[in-house]
Amino acid sequence: MSTVAPRLQSRGVASSPVLLALLLVIFVAGTVYVFVARLYPAPPPISHDAVLVDRQYNLTLYVTGAAFVLAQLGLAYAILRFRDRGQKAHFLEGNVALEVLWTSVTLLAFLGLGILGRNAWAGVRFTLAAAGAIQIEATTTQFVYTFRYPGPDGKFGRIDPSLVSAPAGNPLGIDPSDPAGRDDIVVSELTVPVNRPIELLLRSQDVVHNFFVRELRLQQDAVPGMLIPVHFTADRVGTYEIVCTQLCGLGHNKMHAHLNVVSQLDYDAFLKREAIVQ
Ligand SMILES: [Cu+2]
């Protein structure tokens, strides 16, 4: 039995590290291409808050993207540079100064991005809607959205869960004995006037659903037993899709509605038309 054999076996196997380093470079190049070529772009934003979210997203992507590329290419370099050439292995104790440096840089990058992100997200979500915002209620149930406008009196009628009956034409359970509810407008699409602040009051009748409009960069869960307000101001006329992003049951994939952003004139006409129909 030869004692030289294991030593010889570890020599001259250069193809594996070279292949691994090459695969890493191709992987990094492919990932960078997906983002730089904008293969999956988000639809154009339709609110100022959405523009802020996009800016923050891009900034985070640049910082984390640069760290990703540097780390992966550094790994490819180390695989090549320190590959087994049959040499004796050396133990490195590490470098405390470098450890402190890159831990501090990472900490600062994360804290900085978090603080900057406050304006784009928390600054909007943790504030109240503007005074005079139009209040609209959005109720989710498996697997539909129902929107309610308070009508000419500006007041939502009382709701009684025991009166909820979609076949009877009362999907929200509006109490007929409450005069405030008699002029409430109940519709399956959300129509709002352009450039006016909207406060949406989110409710759920059964399980956790979600209200997500990509163009608003606005996503909020609707939770049973809670009334969750969100606010937005859409600045572009158009029709946009509202989707549920919570896996809420077998019909989840079909749960969607539309957000119609219209001119003030069209909005007034919409309210008038629906008030006559109700
Ligand atoms: Cu849902």
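Observations
- By the rule of a C-alpha distance below 25 Å, with chain neighbours fewer than 8 residues away ignored, the lysines paired with Lys155 are Lys272.
- HN-Hα J in Hz across region 95-101 - Karplus 6.51, -1.76, 1.60, θ = phi - 60°, x for Gly and Pro: 10, 4, 4, 5, 4, 5, 4
- Annotation: amide H-H contacts under 5 Å for Ile185 (H modelled 1.01 Å from N, sequence separation of 5 or more, or interchain): Tyr149, Gly151.
- One decimal place: the segment Leu23-Tyr77 gains 18.2 nm when fully extended, by the rule 0.36 nm per residue minus the C-alpha distance.
- Applying 0.36 nm per residue to the separation of Asp235 and Gln142 and subtracting their alpha-carbon distance, the gain on full extension is 30.4 nm.
- Label-point separation, Glu99 to Asp183 (7 Å along Cα→Cβ), nm: 7.2 nm
- Whether region 25-110 is rounded, prolate or oblate, judged on the alpha carbon gyration tensor where a/c under 1.5 counts as rounded: oblate
- The tail of the calculated P(r) for region 39-197, taken as Cα-Cα distances beyond 27 Å, holds 58 percent of the pairs.
- Three-way shape call for region 130-183 based on the alpha-carbon gyration tensor, with the a/c threshold at 1.5: oblate
- Region 93-177 - charge dipole about Cα centre, Lys and Arg +1 at Cβ, Asp and Glu -1, debye rounded to 20: 280 debye
- For region 173-181, putting each phi into the Karplus relation 6.51 cos²θ - 1.76 cosθ + 1.60 with θ = phi - 60° gives couplings of x, 5, 6, x, 7, 9, x, 5, x Hz, in residue order, rounded to whole numbers and with x for Gly and Pro.
- Structure remark: mean-square fluctuation, Gaussian network model of the chain, C-alpha springs under 10 Å; the largest value among Thr245, Thr140, Thr106 belongs to Thr106.
- In this structure Lys155 has an accessible area near 130 Å², from a 1.4 Å probe over the protein heavy atoms.
- Three-way shape label, region 151-278, alpha-carbon gyration tensor, a/c 1.5: oblate
- Shown here for region 83-114: chymotrypsin sites (Phe, Trp or Tyr not before Pro) in loop regions (DSSP other than H, G, I, E, B) with at most 10 other Cβ atoms within 10 Å, namely Phe91.
- Nearest-0.05 FRET efficiency for Ala269 and Leu163, computed from C-beta distance (R0 22 Å): 0.15
- In a DSSP loop and with at most 10 other Cβ atoms within 10 Å, the GluC sites (Glu not before Pro) in region 85-174 are Glu93.
- Hz values of 3J(HN,Hα) by residue in region 41-52 - Karplus curve (6.51, -1.76, 1.60), Gly and Pro given as x: x, 6, x, x, x, 10, 8, 5, 4, 5, 5, 4
- Evaluated with a Cβ-only charge set (Lys, Arg +1; Asp, Glu -1), the chain carries a dipole of roughly 1560 debye about its Cα centre, given to the nearest 20.
- Pairwise alpha-carbon distances in the chain exceed 24 Å for 65% of all pairs.
- Local electrostatic count at Ser47 - Lys and Arg +1, Asp and Glu -1, tallied over other residues with Cβ under 10 Å: -1
The values are calculated or read from the model by the stated rules, or taken from the named source; none is laboratory data. This structure is a prediction, so every number in the text was calculated from the model and none was measured. All Cβ positions, even for glycine, are placed from backbone atoms using ideal geometry, and neighbour counts span all protein chains on display. Just so you know, the surface numbers come from the protein's heavy atoms only, side chains and all, with ligands and any DNA or RNA stripped out. Shrake-Rupley method; radii C 1.70, N 1.55, O 1.52, S 1.80 Å.
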